[in-house]
Amino acid sequence: VQDKIRQLLTGIQAGDHRLLARAITIVENELEGYAGLLRALRSSGVPNVVGLTGPPGAGKSTLANALLSYWLRSGKKIAVLAVDPSSPFNYGALLGDRIRMAEFYNHPGAYIRSLASRGALGGLNAKMIEITDLVKQGPFDYVLVETVGVGQSEVEIAGLADCTVVALVPEAGDEVQTLKAGIMEIADIFVVNKADRENAESLYRNLRVLAHEKAEGNDEIPVIKTVATGDIGVEELAKSIAATLEKTKALSEKRVQLLTEKSWQLIQNRRMAGLSRTELRNRLKEQAEQGDFNLYTFVEQYLP
Ligand SMILES: Nc1nc2c(ncn2[C@@H]2O[C@H](COP(=O)(O)OP(=O)(O)OP(=O)(O)O)[C@@H](O)[C@H]2O)c(=O)[nH]1
Ligand SMILES: [Mg+2]
């Protein structure tokens with residue numbers, strides 16, 4: 001098994017997409033050698049993971065596609081991981097993503113992989129952190145991770161990305177106020193996509209004000225207008241991403257927080273492993289029906 005793992009990793013480092021795909025499958029399905037493979041990963045220390053999040057239909061996939069195209073034209077090597085949203089309002093999005101990115105599927109500089117989002121609505125694939133670390137072993141200039149931002153997953157993506165791009169659209173104008181707190185913490189770059197639409201300007205101005213309020217003498221979060229379908233603003237976004245990643249190099253407080261968040265999730269995943277919600281529910285019901293139910297004693301059974 002050790003030999004197999006070493007062989008896999010050497011191949012991945014050399015840019016073998018087929019071996020990378022196999023390794024992802026091993027991690028995704030926790031096949032034999034899974035734990036050993038993860039332990040064998042080496043950190044490159046180079047921040048290159050770009051998270052792209054935002055509400056459903058904001059144009060994330062279109063934007064990812066436009067960025068991919070731009071980067072490939074500049075000779076970069078790119079991995080794109082897209083979490084397939086399984087929520088009802090994204091029904092059919094997977095097929096759309098596939099069609100859009102199809103032109104790059106066989107490009108030697110691109111590795112594109114869709115991952116099912118099991119688990120909570122909008123939640124990141126539970127394996128996302130591990131898979132991202134795996135993909136980072138490859139000779140990619142950027143690893144772009146697209147995920148629908150619905151509450152918690154935005155925080156999750158910030159935990160695995162070195163640079164988090166939050167894409168909003170004019171329709172989301174009012175949402176900005178409610179999203180304000182959480183989103184300001186995680187965004188490194190704001191994108192106002194669908195800038196060809198009405199009200200884009202007012203969303204842009206609102207975000208600029210927010211970014212300014214938040215800055216407190218530090219650099220303001222960049223706000224970039226894009227039309228993903230028209231390839232407008234994409235170069236500016238790519239440059240802004242590069243600049244952000246450049247600054248991310250130092251072990252900043254934010255970086256320490258990101259790594260803490262990351263280890264937190266890994267520990268949580270491990271600890272919760274094997275715990276089924278249905279089973280939990282059934283057992284709870286059974287015990288509660290016997291009367292004299294105490295929630296805290298009940299929970300004790302599951303703690304180490
Ligand atoms: N007018 C306009 N339409 C856009 C723009 N960018 C994307 N769209 C359209 O918006 C729709 C949704 O785009 P997607 O890229 O699938 O959005 P998404 O955020 O990936 O969607 P989910 O993954 O389902 O959350 C598509 O019909 C796109 O063609 C833009 O800049 N302007
Ligand atoms: Mg999408």
Can you run down the residue pairs with Cβ atoms below 7 Å, 6 or more apart or on separate chains, where the first is in the range 257-282 and in a helix (DSSP H, G or I) and the partner is hydrophobic (A, V, I, L, M, F, W, C)? LEU258/ALA158; LYS262/ILE129; LYS262/LEU160; GLN265/ILE129; LEU266/ILE129; ASN269/ALA126
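Checking the conditions here, which among ALA40, ALA21 is out of contact with any strand residue (DSSP E or B) (no Cβ under 8 Å at 6 or more places or on another chain) and on the phi < 0 side of the Ramachandran plot? Working first, answer last.
Details: ALA21 fails: out of contact with any strand residue (DSSP E or B) (no Cβ under 8 Å at 6 or more places or on another chain).
ALA40 is the lone residue from the list that is out of contact with any strand residue (DSSP E or B) (no Cβ under 8 Å at 6 or more places or on another chain) and on the phi < 0 side of the Ramachandran plot.
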Return yes when THR229 is out of contact with any Ser or Thr (no Cβ under 9 Å at 6 or more places or on another chain) and either within 27 Å of GLY57 (Cα to Cα) or assigned to a helix (DSSP H, G or I) (or both) and no when it is not. no
ILE221 is checked against (1) assigned to a helix (DSSP H, G or I); (2) within 23 Å of the chain's Cα centre (by Cα); (3) touching a residue at least 12 places away in the same chain (Cβ under 8 Å) and fails just one. What number does that condition carry? (1)
Scanning the range 2-18 residue by residue, those part of a helix (DSSP H, G or I) and in contact (Cβ under 8 Å) with a residue 60 or more places away in the chain turn out to be LEU9, ILE12, GLN13, HIS17
Selection from the range 35-52 of residues without any contact (Cβ under 8 Å) to a residue 60 or more places away in the chain and more than 19 Å from the chain's Cα centre (by Cα) yields ALA35, GLY36, ARG39, ALA40
LEU72, sole failed condition from (1) closer than 29 Å to LEU266 by Cβ; (2) part of a helix (DSSP H, G or I): (1)
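Can you report the number of residues in the range 59-104 which are among the aliphatic types (A, V, I, L, M) and modelled with pLDDT under 90?
First pass over the range 59-104, keeping only residues among the aliphatic types (A, V, I, L, M): 63-64, 66-68, 72, 78-83, 93-95, 99, 101-102.
From the residues that got through so far, the ones that are modelled with pLDDT under 90 too are 82-83, 93-95, 99, 101-102.
Number of matching residues: 8.
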Considering only residues that are within 16 Å of ligand 2 (Cβ to nearest atom) and either of a type in the set (A, V, I, L, M, F, W, C) or at pLDDT below 95 (or both), which ones fall in the range 218-233? ALA228, THR229
Selection within the range 41-72 - β-branched (Val, Ile, Thr) and more than 16 Å from ligand 2 (Cβ to nearest atom): VAL46, VAL49
When the residues of the range 182-218 are narrowed to those that are under 24 Å from the mean Cα position of the chain (by Cα) and assigned to a loop (DSSP other than H, G, I, E, B), which ends up farthest from GLY57 (Cα to Cα)? ASP188
How many of the residues in the range 283-304 are among the polar types (S, T, N, Q) and in a helix (DSSP H, G or I)? 2
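The values are calculated or read from the model by the stated rules, or taken from the named source; none is laboratory data. All figures in this text were calculated on a predicted structure; none of them were measured in a lab. For neighbour counting, all protein chains shown are included, and Cβ atoms are generated from backbone atoms with ideal geometry for every residue, glycine included.
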